[in-house]
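Laboratory data are not the source of any read-out in this text; all were calculated from the coordinates shown. Given the structure is predicted, the values throughout are model-derived calculations rather than measurements. Please note: Cβ atoms are built from the backbone with ideal geometry, for glycine as well, and neighbour counts cover all protein chains shown.
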Amino acid sequence: MKLSQTGIVIVLAVLVATSSGCGVINRIRAKNQLNEAAKAYREGHFPEAEDHSRRAAELDPSNKTAPMFIARSAQAWKPSM
């Protein structure tokens, strides 16, 4: 009986560890996308910078930097009215 309880605890621990890792990976991917957006922005590739910024926002919706990158990139290449 004790062995089965230990097995359940191990399975639950593995599930918790693997499910929380997805958020960490997405935050890393979002940061990478923001770095690519900054590089494209510096090179004057504003539509590409906006695309990278939008991808970062999709990967990590809690990221506060991505919406600012989207706005700055869009403003830089879309003509104002």
* To do: Under 13 Å from the Cβ of VAL24, count the other residues' Cβ atoms, weight Lys and Arg +1, Asp and Glu -1, and hand me the total.
  => +2
* How much FRET efficiency would the formula 1/(1 + (r/R0)^6) give for VAL11 and ASN35, where r is the Cβ-Cβ distance and R0 is 25 Å, rounded to 0.05? -> 0.10
